[in-house]
Amino acid sequence: MRSDYPDDRRVVITGMGAITPLGHSIPELWDGLANGRSGVAPITQFDAESFPTRIAGEVKDFDPAKYMNPKEARRIARCSQFAVTALKEALADAGLALPLEDEEKVGVLIGTALGGFDQGVAGNDILHTKGWARVSPFLSTATLPNMPAHHVSLEASAKGPNFTVVTACASGTQAIGEATEIIRRGAADVMLCGGVEGLITDFLIGAFSAMRVLSTYNDEPEKASRPFDKNRDGFILSEGCGLMVLESLSHARRRGARIHAEVLGQASSSDAFHIAAPDPEGEGAARAMRWALQNAGVGVDQVSYINAHGPGTPQGDAVETLAIKKVFGQCAYSLPISSTKSMIGHCMGGAGAIEAIACILMIAHGVIHPTINYHDPDPDCDLDYVPNVAREQPVPVVLSNSFGLGGQNACLVLGRFDA
């Protein structure tokens, strides 16, 4: 493992913040995951009665004015509101007070799939119904995918490296991986990183419905997300944000920080196969997993748990299972695997970051959260998916997978911190 790195190249997690369909904080997220509670419910953000899918993983009862200036909140997209909210929890958890020390060595890297696209759609509606003079002057900035990173940078006065990863469903995972590399090469001591999405909108539900990739199990929303189950019928669109504070180990030690876990390795790959369908042989996903383990210096027999991408799509879950078998061989059959999406749905660009936080919480608590709604085994998905009930088990080394539209694959290897 990467404990052979010098302290300025080892990267540790010292702070976490999350806003998800299970609540507005890390404790609420963990309580829901550990108890197998679903955050999926009927859509409230628009009238979905005419749509084949009428359920989603919404962030409920969110009032941005509780977390930021109300005037500023009205000018920015929902995704940016989420990012600022999660940042404040992450900084407090890390014991970092503003202003930060040595701001030029603090960077920001946020992943998102669509950013503030909802603002663009709303602005277009105003343009065509009320005329250009009624369009908000803040529209052109609110829609940009890099705005969550901007607002995090502005809030923290982080003046180091700043950029945005836009790799669909792999965005949050890849953002954490690339932030790790920035610290490893010495361009920053601290990185504020993660992923976010805030788009439960009619056009996106309509678009994914047209692709026939969403679950239509509307009558019992909490049972709709069924990763790896034989009767799975699609994913649940969700929203949310996960942010974390990464530091070089030397920086964290200098300030006496509490360390949650260590980023051991990361990698990304491309299927180079299809715009939406995964490579049926799972080669792209397998490459990303294999490379992440190599980057971490971890053997397949040292991994104690896999957090699956596990969206609940018929093809995606079967291909991921195949890819895991290709990488882990016989070890795959003894590895516990679970899908966070079974409880919170698919938060798109925010998914991988929230799932990485879930992994860190499982490392800390020695408890593996379950894959809920798993009742009918699928012959093509024949591994241990920790069905329905959490399992007490130490997980010192975990692999977290994210695979997205466009054949984007990203993986993280996280581990218990050992000094």
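Each reported figure results from applying straightforward, stated rules to the coordinates on display, with no laboratory input. Here the structure is a predicted model, which is why all the values come from computation and not from measurement. Cβ sites come from the backbone with ideal geometry, for glycine too, and all protein chains shown count toward neighbours.
Give the calculated FRET efficiency between residue 44 and residue 140 to the nearest 0.05, with a Förster radius of 25 Å applied to their Cβ-Cβ distance.
With a Förster radius of 25 Å, E is 0.30.
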By how many nm would the segment from residue 104 to residue 133 grow when fully extended, if each residue of separation counts as 0.36 nm and the alpha-carbon distance is taken off? 6.5 nm
Check: C-alpha center region 356-416 vs C-alpha center region 15-67, spacing in Å is 20
Can you run phi through the Karplus equation (6.51, -1.76, 1.60; θ = phi - 60°) for region 376-389 and list ³J(HN,Hα) in whole Hz, with x for Gly and Pro? 10, x, 9, x, 7, 10, 10, 9, 8, 9, 6, x, 6, 10
Between residue 97 and residue 202, what length in nm is gained on full extension when 0.36 nm per residue of separation is reduced by their alpha carbon distance? 33.9 nm
As a test of the formula, what do you get for the chain when each DSSP H run with n ≥ 4 contributes -39,500 (n - 2.57) and the sum is divided by the residue count, at 222 nm and rounded to the nearest 500 deg cm²/dmol? -10000 deg cm²/dmol
R0 of 30 Å, Cβ-Cβ distance residue 334-residue 274: FRET efficiency to nearest 0.05: 0.40
Of 409, 273, 377, farthest towards positive along the dipole that unit charges on Lys, Arg, Asp, Glu beta carbons give region 264-415: 409
Using amide H atoms built 1.01 Å from N in the peptide plane, name the residues 5+ places from residue 116, or on other chains, whose amide H lies under 5 Å from its own. 144
Using each residue's phi in region 353-365, evaluate 6.51 cos²θ - 1.76 cosθ + 1.60 at θ = phi - 60° and report the 3J(HN,Hα) Karplus result to the nearest Hz, with x for Gly and Pro. 5, 5, 5, 5, 5, 4, 4, 4, 5, 5, 4, 5, 8
DSSP-defined antiparallel bridges as percent of all bridges, region 2-261, nearest 5: 60
What is the set of long-range amide H partners of residue 55 at a cut-off below 5 Å, with H atoms built 1.01 Å from backbone N? 43
Return the FRET efficiency for the residue pair residue 126, residue 375: r is the Cβ-Cβ distance, R0 is 56 Å, and the value is rounded to the nearest 0.05. 0.75
Label-point separation in nm, residue 418 to residue 302, each point 7 Å along Cα→Cβ: 0.8
For Cα pairs less than 8 Å apart in space and 6+ apart in sequence, what is the mean separation divided by the residue count of the chain, i.e. the relative contact order in percent? 24
Distance between modelled label sites at residue 365 and residue 37, nm, 7 Å Cα→Cβ extension: 1.1
Check residue 374: other-chain or 5+ apart residues with amide H under 5 Å from its amide H, H built from backbone geometry? 388
With contacts defined as alpha carbon pairs under 8 Å and 6 or more residues apart, what's the relative contact order of region 264-415 in percent? 36
Apply the Karplus parameterisation 6.51 cos²θ - 1.76 cosθ + 1.60, with θ equal to phi minus 60°, to every residue of region 334-344 and state each ³J(HN,Hα) to the nearest whole Hz, in sequence, with x for glycine and proline. 10, 8, x, 9, 8, 10, 4, 5, 4, 10, 10
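If exposed means no more than 15 neighbouring beta carbons inside 10 Å and the site is in a DSSP loop, what's the longest run of the chain without any exposed GluC sites (Glu not before Pro)?
It works out to 102-280.
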